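The values are calculated or read from the model by the stated rules, or taken from the named source; none is laboratory data. Everything quoted here is computed from the prediction, not taken from an experiment. Every residue, glycine as well, gets a Cβ built from its backbone with ideal geometry; the counts of neighbours run over all protein chains shown.
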Amino acid sequence: MNMELNIIQHAGALPRRPHVDETDRRLLAAIQHGLPLAPRPYAEVGTSLGLSESDVIARLQRLKESGVIRRFGVVVRHHELGYRANAMVVWDVPDEQVTGLGRCLAGFDFITLCYRRPRRLPQWRYNLYCMIHGKSREEVLAHLEWMVNHCGLQRLRHEVLFSRRRFKQCGAVYASADASREQGSREAGMRTSRVGCGAGKD
């Protein structure tokens with residue numbers, strides 16, 4: 001489970017901090033390292049905090065809608081699922097075609113990331129990136145050939161960059177270690193900076 005904190009700011013107005021009460025802080029501390037692997041994880045979290053399952057879900061929904069939680073998702077460990085080969089493919093795409101080609105690439109289920117980045121000329125000419133996962137290098141290259149033919153990318157210059165090392169992935173950290181261990185403490189605080197655990201992908 002991956003979360004990201006965001007404090008909403010409105011153009012032309014002073015920054016406004018959404019309301020977060022003590023129970024919200026305890027809830028964020030309880031789930032910042034992941035939800036329990038249980039049939040009803042929100043109920044289990046609620047039991048540890050003295051909240052009902054519906055209250056936990058409602059609070060998380062409110063925190064997400066108010067912008068305190070910007071993203072709430074899953075970090076998949078591809079290697080453990082048998083996907084032991086992955087490659088970042090970088091493309092040199094005419095700027096006016098990036099949006100259309102990006103949508104075409106993002107439509108494949110074997111692509112987990114697809115995004116645009118500025119060129120860094122003259123050293124780096126590539127402006128569209130996508131990550132392909134497969135169970136072998138041969139499978140990744142077969143996926144690449146399929147999408148080149150399907151999206152009409154034969155004339156576009158590209159490079160295939162296979163990963164050589166894995167790094168641990170984790171989400172943001174919102175509360176101190178003490179707050180995580182002592183969820184009921186009044187001293188539980190939130191940190192607004194995102195803490196990374198390393199770059200790279202499984």
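Summary of values
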{"item": "Test: E44 is modelled with pLDDT of 90 or more and out of contact with any helix residue (DSSP H, G or I) (no Cβ under 6 Å at 6 or more places or on another chain)", "result": "yes"}
{"item": "Total residues in region 147-171, condition part of a helix (DSSP H, G or I) and touching a residue at least 24 places away in the same chain (Cβ under 8 Å)", "result": "3"}
{"item": "Residue in region 51-62 that is out of contact with any Lys or Arg (no Cβ under 7 Å at 6 or more places or on another chain) and in contact (Cβ under 8 Å) with a residue 40 or more places away in the chain present", "result": "no"}
{"item": "Condition broken by D95, with the remaining ones in (1) out of contact with any helix residue (DSSP H, G or I) (no Cβ under 6 Å at 6 or more places or on another chain); (2) surrounded by 11 or more Cβ atoms within 10 Å (Cβ to Cβ) satisfied", "result": "(2)"}
{"item": "Where N127 falls short, out of the listed (1) closer than 25 Å to V75 by Cβ; (2) touching a Lys or Arg at 6+ places or on another chain (Cβ under 7 Å)", "result": "(1)"}
{"item": "Residues (small (G, A, S) and over 15 Å from D109 (Cα atoms)) located in region 138-163", "result": "G152, S163"}
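Per-residue answers, yes or no, for (1) in contact with a Cys (Cβ under 8 Å, 6 or more places away or on another chain); (2) among the β-branched types (V, I, T):
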{"position": "L60", "(1), (2)": "no, no"}
{"position": "K64", "(1), (2)": "no, no"}
{"position": "F72", "(1), (2)": "no, no"}
{"position": "E80", "(1), (2)": "no, no"}
{"position": "Y83", "(1), (2)": "no, no"}
{"position": "M88", "(1), (2)": "yes, no"}
{"position": "T99", "(1), (2)": "no, yes"}
{"position": "R103", "(1), (2)": "no, no"}
{"position": "R125", "(1), (2)": "no, no"}
